[in-house]
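For reference, the structure is listed below as structure tokens.
The values are calculated or read from the model by the stated rules, or taken from the named source; none is laboratory data. It should be emphasised that the depicted structure is a prediction, and the values quoted were computed from it without experimental measurement. A quick note on method: Cβ atoms are made from the backbone with ideal geometry, for glycine too, and the neighbour counts reach across all protein chains shown.
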Amino acid sequence: MNKAQHMHLFWGSFSPLASLIGGGLIVMASSRLAFALVCAGALLWVYGLSALAAFPGRKFFPQRGKTLVFVFLSAFTGTLYLLILWFANAILAMENFFIVSLVPLVCTGSGVFERAGSQNTRDAVFRALGEAAVLGGCIIAFSLIREPLGCRCLSLPGGVQGIVKVFSSGEEGFLPIRAIAGSTGALLLLGYGISIYRYFRERRGYTKPEENL
């Protein structure tokens, strides 16, 4: 695998489905489309603003405490996002508090700051936004499968109760399929998704067969 393949946003080694750094976030935030959209917005906000604030001053950060600085920056931007969300819809903010609180940890743990250390600020910010968009897209895609099959509805953020249902079916779904709405079903769906992803990733030449063993 060459460097361009290694750094590819979706098929590369640091893709969310390849590194699984955001696996827990995918499981928790994909229960409803409304939550997935809020989480995707938080990812773009935290990754983008943290990169924009971190890279211009990275030469002045202490070498031994640089990770703590990145954690503080991402946590600060995540707090700003929650504050804006609170003023927009307090109930929605409370329902997504834990999910949004995990975004700064995922951002720091993804290594996006370390990987972009040799890039200029513009390239680093676009790289961070690209990684956030890929992870957010995966969460939205999983929610579009879980919510309609498990909850028999589809929701968007907004309204007095925090979410607005776009459509809702009163019919009872087949019980095994409805189990996909829970955490166990989400883990099964994630496992199937990773298997399919790795199959096509190998066929496209982004990994060696022995790496998936």
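Rundown of residues vs (1) closer than 27 Å to W86 by Cα; (2) of a type outside the set (G, A, S); (3) surrounded by fewer than 15 Cβ atoms within 10 Å (Cβ to Cβ), yes/no style:
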| residue | (1), (2), (3) |
| --- | --- |
| V103 | yes, yes, no |
| V106 | yes, yes, no |
| S110 | yes, no, no |
| R127 | no, yes, no |
| E131 | yes, yes, no |
| G136 | yes, no, no |
| I139 | yes, yes, no |
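In region 46-72, the residues that are farther than 27 Å from I99 by Cβ form Cβ pairs under 7 Å with partners that are modelled with pLDDT of 80 or more, at six or more places apart or across chains, as follows: F61/V69.
Kindly check whether there is at least one residue in region 131-147 that is at pLDDT 80 or above, in contact with a strand residue (DSSP E or B) (Cβ under 7 Å, 6 or more places away or on another chain) and closer than 25 Å to A90 by Cβ.
The first filter runs over region 131-147 and keeps only residues at pLDDT 80 or above, leaving 131-147.
In the following step, the residues that additionally are in contact with a strand residue (DSSP E or B) (Cβ under 7 Å, 6 or more places away or on another chain) were identified as 147.
Imposing the further condition that a residue be closer than 25 Å to A90 by Cβ reduces the set to 147.
Within region 131-147, one or more residues are at pLDDT 80 or above, in contact with a strand residue (DSSP E or B) (Cβ under 7 Å, 6 or more places away or on another chain) and closer than 25 Å to A90 by Cβ.
Scanning region 23-45 for residues that are at pLDDT 95 or above and touching a Pro at 6+ places or on another chain (Cβ under 7 Å), we see that the one that is surrounded by the fewest Cβ atoms within 10 Å (Cβ to Cβ) is L37. Screening region 76-125 for residues that are at pLDDT below 90 and hydroxyl-bearing (S, T, Y) and picking the one that is nearest to G22 (Cα to Cα) gives S110.
Answer with yes or no whether S155 is polar (S, T, N, Q), under 20 Å from L190 (Cα atoms) and buried (at least 17 other Cβ atoms within 10 Å of the Cβ). The answer is no for S155. Among the residues making up region 83-119, those that are assigned to a loop (DSSP other than H, G, I, E, B), more than 13 Å from the chain's Cα centre (by Cα) and under 17 Å from F70 (Cα atoms) are G111, A116, G117, S118, Q119. Listed by first and then second residue, the pairs with beta-carbon distance under 8 Å, at least 6 apart or on different chains, first residue in region 145-163 and in contact (Cβ under 8 Å) with a residue 40 or more places away in the chain and within 14 Å of L37 (Cβ to Cβ), second aromatic (F, W, Y) and surrounded by fewer than 17 Cβ atoms within 10 Å (Cβ to Cβ), are L154/F167. Selection over region 54-68 of residues that are in a helix (DSSP H, G or I), surrounded by fewer than 17 Cβ atoms within 10 Å (Cβ to Cβ) and among the hydrophobic types (A, V, I, L, M, F, W, C) gives a count of 2.
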